[in-house]
Structures are given as C-alpha cells and as structure tokens.
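See below for the structure under consideration.
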Amino acid sequence: MPKSRLSAVLSLLLVFLSGGVLGAFTYRLYSISPVQSGKDAGAPPKKQSPEEFRKRYVSDLTSAVKLDSGQVTALNRVLDQTRDEADKLNDKIKRDHDAVNEKWHPDREAIHNHQVESVNGLLRPDQLPLYAAFRAERERLHRLRDQQRKKQ
C-alpha cells in the first residue's frame, strides 16, 4: 500500500473513532439524571401536602433554632394565623378572576413579613441568629428551585 493511501485510511479511521468516542460521551452526559441522595434517589420530588409541609417546617425550625415546647406552641399559633390570612387572600384572588399574580405579590409579602416578625418576637436573643441563618438557607433553596423551574 502506498504511503499516502495508508495515511488517508488511518486518518479516516481516526476521525470515525473520535466521533464514536465523542458521541458516547455526549450520550452519557445528556442521558444521566441529576444526583439525588436518600431513599428516593432517581425519583422526581413529590409535592407535599400543606400538613406535611407544616410538620416538616416546624420540625426543621425546632431543630435548627432549638425551640422549647412553649415556643413550638406559639409557632403553631403564628402558623395558624398566617394560614388564615393567606386563605382570606386566596379567596379574594379567586373572586377577582382577572387578577394578575403580580398584583397580589405585595399582599403575600406582607403576610410573610408578618409571620417572620411574629416568629422573631417569640424567640430568645440567642435564637435570633439561628433563625436568620435558617431563613437565609430556605431563601437560597427557594431561589435555586425557581432557577431550575425557569430552565425547564
């Protein structure tokens, strides 16, 4: 075989081989699912019921801020009050069929801020930084979820 012909065959073989390797890598890269930990790894996250969410929130806050039983009771009262205010706002939104979601954002934010102020009011001074850190982490996770939803 002449030298130029051998060179052409080897070059062609190298191009096809590198294409196969690149294709396999790309397929692997795009076919794997995001990493998840725990017993539900690989399963899509389930939407929690309001009761499950509340139970988990109280549990997480209790352990993060080290609430005593009196504070947990007061927290549950604050959460009840917040739910009542949010339900009233949701009823108002349902009656206003032409409502734009942004129109109600200040009202929702006011309810949230009232809840934060109420929780801050029931905490001891040593618990306030822990609660601030807890809220900051939840906000970070919330922004991450929003970014992931926008990408989809």
Next on the checklist: Can you find, within segment 69-83, the residue that is surrounded by the most Cβ atoms within 10 Å (Cβ to Cβ) among those that are of a type outside the set (S, T, N, Q) and touching a helix residue (DSSP H, G or I) at 6+ places or on another chain (Cβ under 9 Å)?
Outcome noted: L75
Checklist entry - List the pairs whose first member sits in segment 115-136 and is outside the structural domain of V58 (by TED's automatic domain parsing) and closer than 10 Å to V65 by Cβ, whose second member is outside any loop (DSSP other than H, G, I, E, B) and not polar (S, T, N, Q), and whose Cβ atoms are under 7 Å apart, counting only residues at least 6 apart or on separate chains? => result none
Checklist entry - Here are A24, A8, A43: which of them is hydrophobic (A, V, I, L, M, F, W, C), modelled with pLDDT under 80, outside the structural domain of L128 (by TED's automatic domain parsing) and surrounded by 10 or more Cβ atoms within 10 Å (Cβ to Cβ)? => result A43
Checklist entry - For segment 105-114, which residues satisfy the criterion of being surrounded by 12 or more Cβ atoms within 10 Å (Cβ to Cβ) and farther than 24 Å from K66 by Cβ? => result D107, R108, A110, I111
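The values are calculated or read from the model by the stated rules, or taken from the named source; none is laboratory data. Everything quoted here is computed from the prediction, not taken from an experiment. Cβ: placed from backbone, ideal geometry, glycine included. Neighbour counts: every protein chain shown.
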